[in-house]
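Working notes, structure below.
The values are calculated or read from the model by the stated rules, or taken from the named source; none is laboratory data. The shown structure was predicted, so the numbers you read here are calculated from the model rather than taken from an experiment. Here the Cβ positions follow ideal geometry from the backbone for every residue, glycine too, while neighbour counts run over all protein chains shown. In case anyone asks, the SASA skips ligands and DNA or RNA and just uses the protein heavy atoms, side chains included. Shrake-Rupley method; radii C 1.70, N 1.55, O 1.52, S 1.80 Å.
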Amino acid sequence: MPPLESMDSFFAARVEGYDEHMLANVEGCREGYIKMASLIPAGTETLLDLGCGTGLELDEIFKFFPDLHVTGIDMTRAMLDKLREKHPDKALNLICGDYFKTDFGAEFFDCAISFETMHHFPHEDKIALYRRIFDSLVPGGLYIECDYMVETQEEEDFFFAENERLRREEGISPGEFYHFDTPCTIENQISMFLAAGFESAEKVFRVGNTTIIVAKKTA
């Protein structure tokens, strides 16, 4: 197995061809982008997009919400540049940085989304992040997550153990972002959303391993 790549280097090296790869080669993503757009509530004016990348999900969302104000956060500048090139006329506040450290504000966004970005992090980090997403949403707001999820605890445990082994062998410090997939089960994902304060969390889509869960904040 080749050495792990830092998250930024991994995605910066794949900007050209990234959209085509996701649409053609990752089962469920083409349909997932369309499905996510259909789940954005009518009347949404402000959207938080975590790990927005080149904005494939926004390509579909802007078809329904052309005047949407989007705050997009991603670690890879080249991907944000590609997003800006695709949508130069849109209200985009793009932040190149770590969404674990970015201030989202309080009760500001009508909706928050993420697409294929959360399957790199441990439970405790995600729960803390989900709490901050929860706080950033207006009452009644939604968080819509589309991600790579697995069926069994055994699968999840295998990926997390492999990640720990590789990081240990390569001397990677805790907290450094390196690319390795650590997908969780759907049940664990739902539990994390509820632990973060969301009133409900429901799986609404799954094609292959590409899964969408909608978590709702109490109105």
message: Just checking, does the range 80-99 include any residue being more than 17 Å from the chain's Cα centre (by Cα), open to solvent by less than 40 Å² (accessible area, probe 1.4 Å) and either touching a residue at least 40 places away in the same chain (Cβ under 8 Å) or within 26 Å of residue 198 (Cβ to Cβ) (or both)?
response: no
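Please verify whether residue 151 is within 30 Å of residue 138 (Cβ to Cβ), in contact with a helix residue (DSSP H, G or I) (Cβ under 9 Å, 6 or more places away or on another chain), open to solvent by 20 Å² or more (accessible area, probe 1.4 Å) and at pLDDT 95 or above, treating the condition exactly as stated. Spell out the reasoning first.
On the way: within 30 Å of residue 138 (Cβ to Cβ): no; in contact with a helix residue (DSSP H, G or I) (Cβ under 9 Å, 6 or more places away or on another chain): yes; open to solvent by 20 Å² or more (accessible area, probe 1.4 Å): yes; at pLDDT 95 or above: yes.
No.
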- request: Among the residues of the range 41-71, write down those that are open to solvent by less than 10 Å² (accessible area, probe 1.4 Å) and either more than 24 Å from residue 95 (Cβ to Cβ) or β-branched (Val, Ile, Thr) (or both).
  value: 54, 61, 70
- line: Among the residues of the range 178-204, the number that are more than 20 Å from residue 161 (Cα to Cα) and not hydrophobic (A, V, I, L, M, F, W, C) is 6
query: When you scan the range 179-213, how many residues do you find that are at pLDDT below 95 and open to solvent by less than 20 Å² (accessible area, probe 1.4 Å)?
result: 0
- prompt: Quick check: anything in the range 187-204 in contact (Cβ under 8 Å) with a residue 60 or more places away in the chain and among the acidic types (Asp, Glu)?
  reply: no
- request: Inspect the range 158-178 for any residue being closer than 24 Å to residue 111 by Cβ, among the aromatic types (Phe, Trp, Tyr) and at pLDDT 95 or above and give the result as yes or no.
  value: no
task: Being farther than 24 Å from residue 217 by Cα, in contact with a helix residue (DSSP H, G or I) (Cβ under 9 Å, 6 or more places away or on another chain) and of a type outside the set (Gly, Ala, Ser) narrows it down to one of 127, 113, 95, 144, so name that one.
output: 95
message: Quick test of your reading of the structure: residue 202 fulfils all but one of (1) part of a strand (DSSP E or B); (2) more than 22 Å from residue 35 (Cα to Cα). Name the failing condition by number.
response: (2)
message: Among the numbered criteria (1) without any contact (Cβ under 8 Å) to a residue 60 or more places away in the chain; (2) surrounded by 13 or more Cβ atoms within 10 Å (Cβ to Cβ); (3) touching an Asp or Glu at 6+ places or on another chain (Cβ under 8 Å), which one does residue 115 miss?
response: (1)
